[in-house]
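Chemist: One structure coming up, written as structure tokens, with questions to follow.
The values are calculated or read from the model by the stated rules, or taken from the named source; none is laboratory data. Bear in mind the structure is a predicted one, so any value in this text is a computation, not a measurement. FYI the Cβ positions are ideal-geometry reconstructions off the backbone, even for glycines, and counts take in every protein chain you see.
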């Protein structure tokens, strides 16, 4: 696909930067929730807030980052700032002895994830417009591979050297990622000045953009309430060790990573709409199955099903979000998409954590499944086939 050697080198560097970007926020994911509950005494409600604060920061920042990036015509400054935030967040999490401080520093790591707006838009600029879906598949595959490797390593690191060492590792990865971003080439777009409210409303209310953003948000609700949150707590209650928690998370990320690379092919075979519905539906199935499982391999199977579903649906939804607008407005559109997506990442674990305290852990997985079922219904009802090819 890429014939120009210079562009090929840039894409290779971009993959390295992307790998470090996601490793810096995922290396401690296998132990974060369990560490908060078992070692620092957090309730399930507080665990939900800790997990969700990551997405709350994204919700607050992704639209402003998109608008600001489009306004100045630059992406790289936001990528650098995101990597610095990853290093700061990792150090803060490592040094925290009170669970409430985990909320703060996990929120700082959300600043890193908010910079993903700039990453995706800059990466797409390296490809022709008609290859956007494949470009998002490639980038999401690298992101998934990073998450898979880093979560596996994080569990082993915690098992070997202690609960807080994965957080220190995140700080180091953030510093390396900052260095990796600098060589990336960027052709600045002409700065257009302040966007008026009418322009922002026009971009933010594009029907296809809104629909795919809400569907992605419902999938995110399921993901963060289960795979990245209470599925790990559930496994911990069944006696999973730190390394086994890492293996569980790795199984999820492996399924996610493999399915991302095939998402574009699947969409070409059965249609984008059906591929999205299949992916979001698999997330619901994975969540519903958890309470019936009583050992780690079976839990890993259910979460791998959910991870595969997310790997199918997320890159397709992300590509649709920027295909809905002109290239000049892509960062703003991506900011809208990822901000709405982030709502699920906060509301999912925060609300289901409260439900878990009140009604037991099984209620968490039921509500998480319902969120994805609503996403399937929304795609079926509101996205005509002609809108997405």
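Chemist: Restricting segment 290-300 to residues that are in a helix (DSSP H, G or I) and in contact (Cβ under 8 Å) with a residue 24 or more places away in the chain, which is surrounded by the fewest Cβ atoms within 10 Å (Cβ to Cβ)?
Modeler: 291
Chemist: Being surrounded by 22 or more Cβ atoms within 10 Å (Cβ to Cβ) and either assigned to a helix (DSSP H, G or I) or modelled with pLDDT under 95 (or both) narrows it down to one residue among 8, 3, 53; which is it? Before you say what the answer is, go through the steps one by one.
Modeler: Numbers: 8 fails: surrounded by 22 or more Cβ atoms within 10 Å (Cβ to Cβ); 3 fails: surrounded by 22 or more Cβ atoms within 10 Å (Cβ to Cβ).
Of 8, 3, 53, the one residue that is surrounded by 22 or more Cβ atoms within 10 Å (Cβ to Cβ) and either assigned to a helix (DSSP H, G or I) or modelled with pLDDT under 95 (or both) is 53.
Chemist: Tell me which residues, restricted to segment 143-190, are outside any helix (DSSP H, G or I) and in contact (Cβ under 8 Å) with a residue 60 or more places away in the chain.
Modeler: 163, 164, 182, 183, 184, 185, 186, 187, 188, 189, 190
Chemist: For segment 93-142, how many residues are at pLDDT 85 or above, part of a loop (DSSP other than H, G, I, E, B) and in contact with a helix residue (DSSP H, G or I) (Cβ under 7 Å, 6 or more places away or on another chain)?
Modeler: 2
Chemist: Is it true that some residue in segment 330-337 is under 22 Å from the mean Cα position of the chain (by Cα) and either surrounded by fewer than 22 Cβ atoms within 10 Å (Cβ to Cβ) or at pLDDT 90 or above (or both)?
Modeler: There is no residue in segment 330-337 that is under 22 Å from the mean Cα position of the chain (by Cα) and either surrounded by fewer than 22 Cβ atoms within 10 Å (Cβ to Cβ) or at pLDDT 90 or above (or both).
Chemist: Residue check, residue 90 against (1) closer than 21 Å to residue 322 by Cβ; (2) in a helix (DSSP H, G or I), all met but one. Which one?
Modeler: Checking residue 90 against (1) closer than 21 Å to residue 322 by Cβ; (2) in a helix (DSSP H, G or I), the one that fails is (1).
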